[in-house]
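Working notes, beginning with the structure itself.
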Amino acid sequence: MSRSFDISIGEGDAFSVDVARHGDRATVTIEGRPYHGSLRPAGDGYELTLEDRTERLWLFVAGDTVWLHAFGQAWQAQLVDPVERSRATAVSGDTATAPMPGTVIAVNVEAGAAVGAGQTLVVIESMKMQSEIIAERDGVVDRVFVAIGDTFDRGAALVALEPLDEPEEG
Amino acid sequence: MSLPAKVLVANRGEIAVRIIRTLRTMGIASVAVFHALDADGRAVREADEAVELTGDTPVGSYLDIAGIIAACQATGAEAVHPGFGFLSENADFAEQLAAAGITFIGPPPAAIRAMGDKIESKRLAAAAGVPTLPGSDGAVADVDEAVAVADRIGYPVLLKASAGGGGKGMRTAADAAACREAFERASSEALASFGDGRVFVERYVERPRHIEVQVLADAHGTVLHLAERECSIQRRYQKVIEESPSPAVDAATRERIGATAVALARAVGYTSAGTVEMIADEQGGFWFLEMNTRLQVEHPVTEAITGIDIVAEQIRIAAGEPLAFGQDDVQVSGHAIECRIYAEDADAGFVPATGRLGLVRFPAGPGVRIDHGVIEGQDVSSSFDPMIAKVIAHGPTRDEALELLRDALHSTVLLGVVTNTAFLARVLAHPAFRSGETHTGFLDDHAAELAPVAPDVELERCLVAATALASPRFDQRLAAPEPLAGMGEWRP
């Protein structure tokens with residue numbers, strides 16, 4: 001059988017979802033329950049039919065992020081491959097990332113420096129607001145990815161700490 | 001004097017597009033200026049000509065006075081409309097344009113200077129008979145004087161930077177100890193932000209409404225007001241929803257505050273469009289806040305209820321024409337409300353958002369006006385102000401304008417970047433907003449009720465299914481052949 005993907009809407013829970021297409025109709029299985037539906041272009045957007053319900057909506061697919069406008073507002077859906085996620089979790093927490101796009105105002109640490117949880121690593125400015133990027137845990141700085149004056153996008157890696165445990169050879 | 005044949009628009013985004021639109025209806029050729037990031041932008045497309053500006057930063061390009069004057073000379077533009085922000089309240093810019101024989105579509109440099117300083121403008125307002133809040137007579141010399149003034153006028157007090165704006169260099173204090181600390185912080189913040197650490201002290205008004213009067217003045221001595229706007233719905237000291245008329249202002253009050261705004265404009269020899277900002281307390285008192293010597297972001301609500309194209313009037317006034325109407329001709333018709341759509345995460349402290357606008361659809365219809373400067377597929381970067389569009393609705397009553405605006409927000413489709421559109425719709429739906437109980441702390445006071453509501457189970461299922469059907473991820477595997485697919489219809 002085919003693999004499923006996890007889909008979440010906004011901050012909501014993730015649902016395990018599978019799709020089986022047959023012609024222009026499909027069976028969408030959400031957490032083990034099948035629903036019959038279709039998604040067809042209609043006007044300048046789309047029409048979703050799911051069981052006996054029909055909704056007008058607009059869509060923009062940006063990789064694994066799917067933007068929807070439905071029920072009078074925008075929604076951000078995230079698609080995650082459960083296999084890829086299990087590989088990625090080992091890295092999180094070790095890298096301080098940018099909560100918003102902006103410019104680097106100050107870099108307070110360098111590679112090799114010991115830092116404590118809560119210590120300021122980098123100061124950033126975005127839309128005239130300054131924010132401090134702090135260490136989430138005690139550790140040793142592995143890499144500083146930015147310098148004063150650099151601009152970056154939301155989610156960009158700013159400072160990485162050395163992993164607590166050496167990753168196993170795989 | 002006659003109207004210019006060609007006008008350069010020294011701005012970007014929606015306001016540049018909006019000014020170009022009026023130039024076109026007046027039969028005046030338009031010149032856009034742009035930084036490389038805006039090369040494919042809507043303003044550049046809509047203008048008759050466009051000239052690229054280069055600067056140290058993207059914002060710096062639009063502040064390049066020499067570059068803009070050179071662009072006027074290269075294209076033969078006889079006048080410059082500065083829009084708002086950037087060089088719109090820069091007296092040196094206005095003077096340098098004049099020296100180059102180019103008309104600045106705005107007030108005289110002296111009026112810009114007089115109103116640009118909070119202490120000087122408050123003094124002038126008081127002299128013109130505009131009520132001002134009790135406070136220090138100009139900047140306080142030191143922390144001890146700040147506390148002495150605060151003790152005299154009573155707490156709470158507000159400490160404000162003379163050169164301030166946007167909430168920078170502004171602190172409240174509830175007692176003498178807090179006043180000492182607030183003075184140090186306001187002063188150092190003002191020095192860091194504006195290079196001017198002067199601070200003044202005035203009485204703090206609790207739960208104030210922000211009410212402002214639009215004025216128009218020509219060079220022949222006619223000064224009019226175009227009623228008031230209320231702009232109390234603010235976040236980070238920036239307006240997000242504005243309306244006209246204010247639900248808290250009756251006809252008699254409109255006349256009273258309108259007359260004081262006109263008196264101030266006269267006192268400083270004002271011409272063009274300007275706005276006298278005031279704060280109002282719950283007892284109906286009004287006090288001078290500042291005068292903005294430029295077109296305001298929220299001018300469309302005034303245009304909607306008066307039928308006057310403010311940009312067109314600015315252009316005619318700058319060309320020396322007298323206003324073609326008097327105060328009695330200005331009639332308030334119906335009610336208009338504007339929402340500013342920003343690329344920002346309203347549910348996470350209003351932090352700016354970036355990304356590519358993959359899908360853009362704006363509503364259209366009677367009573368709905370959209371001012372925007374975006375094109376589908378464009379990037380929203382952190383280099384500029386994150387305002388994407390203004391959605392304005394005009395109806396016979398406030399309730400009808402509200403309904404029109406809510407419908408318009410619900411059918412404003414902006415996908416690919418997080419925007420505050422749904423948040424704005426929630427504010428409009430809030431009972432306190434609907435009943436006009438607004439003040440500048442509204443968004444903080446009602447933060448809990450304005451938080452997003454998770455979709456119910458059935459809506460969420462629709463969204464999940466649409467996502468699955470739209471994502472190419474599921475097509476990376478072989479589609480199930482028909483006989484097997486039929487098995488999917490089996491239900492337990």
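With a 10 Å cut-off around each Cβ of A:18-24, the average count of Cβ atoms from other chains is 6.
Computed about its Cα centre, the charge dipole of the stretch B:209-477 is approximately 600 debye, with only Lys, Arg, Asp and Glu carrying charge at their Cβ. The packing ranking, built from the mean of other Cβ atoms within 10 Å per residue, places the peptides B:148-154, B:298-304 in the order B:298-304, B:148-154, highest first. Extending 7 Å from the Cα toward the beta-carbon at both A:Ala113 and B:Ala432 defines two label points whose distance is 4.3 nm. On the beta carbon distance between B:Val332 and B:Ala192, with R0 = 45 Å, the FRET formula returns roughly 0.55. A crude spin-label estimate for the pair A:Thr120 and A:Ser16, with each label 7 Å from Cα along the Cβ direction, gives 4.6 nm. For the stretch A:104-161, applying the loop criterion from DSSP together with a ceiling of 15 other beta carbons within 10 Å to the trypsin sites (Lys or Arg not before Pro) yields A:Lys128, A:Arg137.
Annotation for the B:A interface, with buried accessible surface near 5000 Å², both sides summed [1.4 Å probe; non-protein components not counted]. Sequence-distant contacts, meaning Cα pairs under 8 Å at least 6 residues apart, place the relative contact order of chain B at 14 percent. Of the listed residues B:Glu184, B:Glu243, the order by accessible area with a 1.4 Å probe, largest first, is B:Glu184, B:Glu243. Averaged per residue, chain B has 39 square angstrom of accessible surface, using a 1.4 angstrom probe with ligands and nucleic acids left out.
Over the protein assembly as shown, with every protein chain in place, what whole percent of the accessible area is carbon and sulfur at 1.4 Å, could you tell me? Carbon plus sulfur share of accessible area: 51 percent.
Based on C-alpha pairs under 8 angstrom that are at least 6 apart in sequence, chain A has a relative contact order of 15 percent. In the stretch B:23-115, taking the dipole from charged Cβ atoms about the Cα centre, the farthest positive-side position among B:Met26, B:Ala77, B:Ala50 is held by B:Met26.
Tell me the relative contact order for the stretch B:95-207 as a rounded percent, counting alpha carbon contacts under 8 Å between residues six or more apart.
27 percent
In a reduced charge model with +1 at each Lys and Arg Cβ and -1 at each Asp and Glu Cβ, the stretch B:6-105 shows a dipole moment near 400 debye about its Cα centre. With R₀ set to 51 Å, the beta-carbon distance separating A:Glu31 from A:Thr103 gives a calculated FRET efficiency near 0.75. The distance from the alpha carbon centre of the stretch B:307-326 to that of the stretch B:130-152 is 40 Å, rounded to a whole number. Inter-chain Cβ neighbour count for B:90-101, averaged per residue, equals 0 (cutoff 10 Å, partner chain atoms only).
Shape class of the stretch A:2-80 from the alpha-carbon gyration tensor: oblate, with a/c at 1.5 or above and b/c at least as large as a/b. For the segment A:30-36, counting C-beta atoms of other chains within 10 Å of every residue's C-beta and taking the mean gives 4. The helix-only estimate of mean residue ellipticity at 222 nm for chain B, built from DSSP H runs of length n ≥ 4 each weighted as -39500 (n - 2.57), is -10500 deg cm²/dmol after division by the residue total.
Highest-first packing order for the peptide set B:77-88, B:32-43 is B:77-88, B:32-43, based on the mean count of other beta carbon atoms within 10 Å.
Positive-end ranking of B:Ile233, B:His372, B:Val249 along the dipole of the stretch B:209-477, with charges on Cβ about the Cα centre, is headed by B:His372.
The alpha-carbon atoms of chain B define a convex hull whose volume equals 184 cubic angstrom per residue. A dipole drawn for the protein assembly as shown from +1 and -1 charges on Cβ atoms has a positive end, and of B:Leu37, B:Val223, A:Ala157 the residue lying farthest that way is B:Val223.
The B:Asp142 and A:Asp6 beta-carbon pair, evaluated with R₀ = 41 Å, returns a calculated FRET efficiency of approximately 0.10.
About its Cα centre, what dipole magnitude does chain B give when the only charges are +1 on Lys and Arg Cβ and -1 on Asp and Glu Cβ, stated in debye to the nearest 20? Result for chain B is approximately 300 debye, rounded to the nearest 20.
The values are calculated or read from the model by the stated rules, or taken from the named source; none is laboratory data. Not measured: the values here are computed from a predicted model. With ideal geometry, Cβ positions are generated from the backbone for all residues, glycine too; neighbour counts draw on all protein chains shown. Each accessible area value is taken on the protein alone, full model and side chains, heavy atoms only, with ligands, DNA and RNA left out. Shrake-Rupley method; radii C 1.70, N 1.55, O 1.52, S 1.80 Å.
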